[in-house]
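S.K.: If you scroll down you'll find the structure; I have some questions about it.
The values are calculated or read from the model by the stated rules, or taken from the named source; none is laboratory data. As the structure is a prediction and not an experimental result, all values here were calculated from the model. Note that we place each Cβ from the backbone using ideal geometry, even for glycine, and neighbour counts take in every protein chain shown. Each accessible area value is taken on the protein alone, full model and side chains, heavy atoms only, with ligands, DNA and RNA left out. Shrake-Rupley method; radii C 1.70, N 1.55, O 1.52, S 1.80 Å.
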Amino acid sequence: MDKEKLITPGPSGYMPTPGAFMGVELPPPGKALLYGEIVDEETAMREAAKAMLTRRNPTIFPGPLVLWGWNAGAMEKAKAVLELAMEIPNCRIIPMPDYRPKYPKIDPEAEINPNHPNLTILHNKIEACIFVGVHCHYANLSLRMIRAGTNCFTIALCAEMGHEDAMVSLRDVHAEEIRKFKDVLVQVRKELGIEWEPKLPPENPSLPKEDWTKISPLDFGEYAALLMPRKGEVVEESE
Amino acid sequence: MGLEYVKISPGFEKYMPRDYVDLVTFGQFGKQVDVMQLGQFKELVEEHPMCAGCYMAYFIRVFYAALPNPEDTIVLGTAGCARLALSQAAVPFIYGNYGDTNAVASGLKRALSIRFPDKVKDVVVIAGDGGLMDIGFGMTMHSWFRREKFTTIMVDNEVYGNTGGQESGMSPKGIQLKMAPKGKQFDKINAVELAQTAGCVYVARISPTNPKRIAKVIRRAILAAREFGPTFIHAYTSCNIEYSIPTREVLADARAREKKDFKFYEWMTDEVKEYLEEIERKEKEKAKQEVQK
């Protein structure tokens, strides 16, 4: 294994040795982790930006600390995440709204679950991703699982001390730091000669295309009884 | 939790899965729903991996619909069938080690009252007969002796259903089970009397045949626990697999047991009675005023 790169994109096999056991230490304030080594924040940001700009299907996985507007800081951070997403070409947002297990299975195009994050990553062929707003214990679980079974380049934007099992881990990341990362990403994008007009990623595919709340069976008069759809049924054409 | 936790960050509404958008829009957070409206709002627990015909699954469904403040509730469970559905609900769930649910709940309730002194946070333990009356017996009793202010609900399927059908303290005397071929030698533990003696301020025994009654009992137990002390509900939730009850006869079995040894029983202290009557009187008045409007 490359001595400089302890933590690299996988698949590194079932139950890989945790970064901490391989001697990776969390970075001090002002520093970051790049492939398990402590480096300057700027260097780590540039490498992360390059991964998001050059690898296939770059995706942001926002966690509950960003998705739910539980305080002003969370809402500001959410705004910054959207600004970042706009600058990454063909970026997608796949949320992790909570950590509960889902029966029978999650919809891998609509969400990611920390108990089996590989399902979402493999289904969508994601090769670079950003974790932001995920509680540390679940981020650790997911990051190691992703390294075990996928070739995804993981970037952890952590509000605390960072994560050993991510290829790039920034610490103390709040709205301001996300915007700083965005500026670095835009700069790297220009250096790479990638042209991109900022735009928001596509919306969640699980959301209904029509506003069902405005439809009432009464709208269909005497035919209402014939038009009650079964659960999950969408009638697209009718005579 | 809290209502602020069920508000999607601005801008992210179109990136959330439909399930969560529906929970916020059509769910029961911040509202008081009638259990008879089940199916007309987005429920806190929907899909779960419990057996077909499981009466515990039905009880848990009604339990979530009956919560007075789901956004300020934490549910604790332990090994056993119930946790399969509890862990999948949109309410924070803590999995205690087998038997220590009431000890964890004690610490949690105290911590919540220190962390959120101005807010009411409900803690509810839902565990089986093994978790509360066998392996967790000591922890359960001592939480009641200490007068901890949370609700304990025992979903009694009268067997260790997850591990192949061993007898539990709550199995009826003489019953033969797969892993108890000689038949149980002792009587069923009288959990309700134990709870009364140990210091619970509200105690109920119920065979869940009437959803309105289940909801009322759960609500009363949670409201009483907020102010006065431990509350306990003993609910019969048959295991149709280990007791070989055909799925279509599960409700009939619950009704039969209700007539036999699971007659509805409710007991509360005088001060709890006064408190609950006052709350229910105000709610009725409010409902009447809304109808008049």
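S.K.: Looking at the range B:38-51 only, could you name the residues that are modelled with pLDDT under 90 and more than 19 Å from the chain's Cα centre (by Cα)?
M.R.: B:G39, B:Q40
S.K.: Any idea how many residues of the range A:76-105 are more than 14 Å from A:P201 (Cβ to Cβ), outside any loop (DSSP other than H, G, I, E, B) and facing chain B (nearest Cβ under 7 Å)?
M.R.: So the count comes out to 1.
S.K.: Looking at B:G80, B:G107, which is the one that is of a type outside the set (D, E), assigned to a helix (DSSP H, G or I) and open to solvent by 10 Å² or more (accessible area, probe 1.4 Å)?
M.R.: B:G107
S.K.: Within the range B:252-273, how many residues turn out to be among the acidic types (D, E), touching a residue at least 12 places away in the same chain (Cβ under 8 Å) and farther than 19 Å from B:C239 by Cα?
M.R.: 2
S.K.: Check B:R220 against each of (1) open to solvent by 10 Å² or more (accessible area, probe 1.4 Å); (2) at pLDDT 95 or above; (3) more than 21 Å from B:V123 (Cα to Cα) and name the one condition it does not meet.
M.R.: (3)
S.K.: Quick check: anything in the range A:151-169 farther than 22 Å from A:S12 by Cα and within 14 Å of chain B (Cβ to nearest Cβ)?
M.R.: The answer is no, given that none of the residues of the range A:151-169 is farther than 22 Å from A:S12 by Cα and within 14 Å of chain B (Cβ to nearest Cβ).
S.K.: With respect to B:R205, is the statement that it is touching a His at 6+ places or on another chain (Cβ under 7 Å), open to solvent by 30 Å² or more (accessible area, probe 1.4 Å) and in contact (Cβ under 8 Å) with a residue 40 or more places away in the chain true?
M.R.: When the stated conditions are applied, B:R205 passes them.
S.K.: Still on this model: Any residue at all in the range B:40-60 that is open to solvent by 40 Å² or more (accessible area, probe 1.4 Å), more than 14 Å from every other protein chain (Cβ to nearest Cβ) and over 30 Å from A:I60 (Cβ atoms)?
M.R.: Among the residues of the range B:40-60, at least one is open to solvent by 40 Å² or more (accessible area, probe 1.4 Å), more than 14 Å from every other protein chain (Cβ to nearest Cβ) and over 30 Å from A:I60 (Cβ atoms), which makes the answer yes.
S.K.: Being at pLDDT below 95, out of contact with any Phe, Trp or Tyr (no Cβ under 8 Å at 6 or more places or on another chain) and within 12 Å of chain A (Cβ to nearest Cβ) is the requirement here; does B:D19 meet it?
M.R.: yes
S.K.: Sticking with this one: Name the pairs: first residue in the range B:276-293 and closer than 19 Å to B:F228 by Cβ, second residue not aliphatic (A, V, I, L, M), Cβ to Cβ under 7 Å, at least 6 apart or on different chains?
M.R.: Once the first residue is closer than 19 Å to B:F228 by Cβ and sits in the range B:276-293, its partners that are not aliphatic (A, V, I, L, M) give B:L276/B:R220.
S.K.: Then there is this: If you go through the range A:15-24 one residue at a time, do you hit one that is open to solvent by 20 Å² or more (accessible area, probe 1.4 Å) and in contact with a strand residue (DSSP E or B) (Cβ under 9 Å, 6 or more places away or on another chain)?
M.R.: no
S.K.: Against the definition (free of Cβ contacts under 8 Å to residues at least 60 places away in the same chain, in contact with a Leu (Cβ under 8 Å, 6 or more places away or on another chain) and at the interface with another protein chain (Cβ under 7 Å from one of its Cβ atoms)), how does B:G30 come out, yes or no?
M.R.: no
S.K.: List the number of the failed condition for A:G19; all other conditions in (1) of a type outside the set (A, V, I, L, M, F, W, C); (2) modelled with pLDDT of 95 or more; (3) more than 19 Å from A:E176 (Cβ to Cβ) hold.
M.R.: The failed condition is (2).
S.K.: Give the range A:114-144 a look and list any residue that's within 11 Å of chain B (Cβ to nearest Cβ) and either modelled with pLDDT of 95 or more or not in a loop (DSSP other than H, G, I, E, B) (or both), or say none.
M.R.: A:G133
S.K.: Looking only at the range B:173-198, count how many residues are touching a Lys or Arg at 6+ places or on another chain (Cβ under 6 Å) and crowded, with 17+ Cβ neighbours inside 10 Å.
M.R.: Final tally of qualifying residues: 2.
S.K.: So which residues in the range B:80-103 are within 11 Å of another protein chain (Cβ to nearest Cβ) and of a type in the set (S, T, N, Q)?
M.R.: Within the range B:80-103, B:S87, B:Q88 qualify.
S.K.: Of everything in the range B:1-16 that's at the interface with chain A (Cβ under 8 Å from one of its Cβ atoms) and within 21 Å of B:F93 (Cα to Cα), which residue is surrounded by the most Cβ atoms within 10 Å (Cβ to Cβ)?
M.R.: Among those residues, the one meeting the criterion is B:I8.
S.K.: Looking at (1) without any contact (Cβ under 8 Å) to a residue 60 or more places away in the chain; (2) surrounded by fewer than 17 Cβ atoms within 10 Å (Cβ to Cβ), which is the only condition B:R147 fails?
M.R.: (1)
S.K.: Something else about it: Residue under question is B:R213, and the condition is that it be touching a residue at least 60 places away in the same chain (Cβ under 8 Å) and surrounded by fewer than 23 Cβ atoms within 10 Å (Cβ to Cβ); does it hold?
M.R.: No; evaluated as a whole, the condition is false for this residue.
S.K.: Cβ-Cβ under 6 Å, sequence separation 6+ or interchain: first residue in the range A:11-28 and more than 14 Å from A:M167 (Cβ to Cβ) and in contact (Cβ under 8 Å) with a residue 12 or more places away in the chain, partner open to solvent by 50 Å² or more (accessible area, probe 1.4 Å) and not in a helix (DSSP H, G or I). Which pairs?
M.R.: A:L26/A:M161
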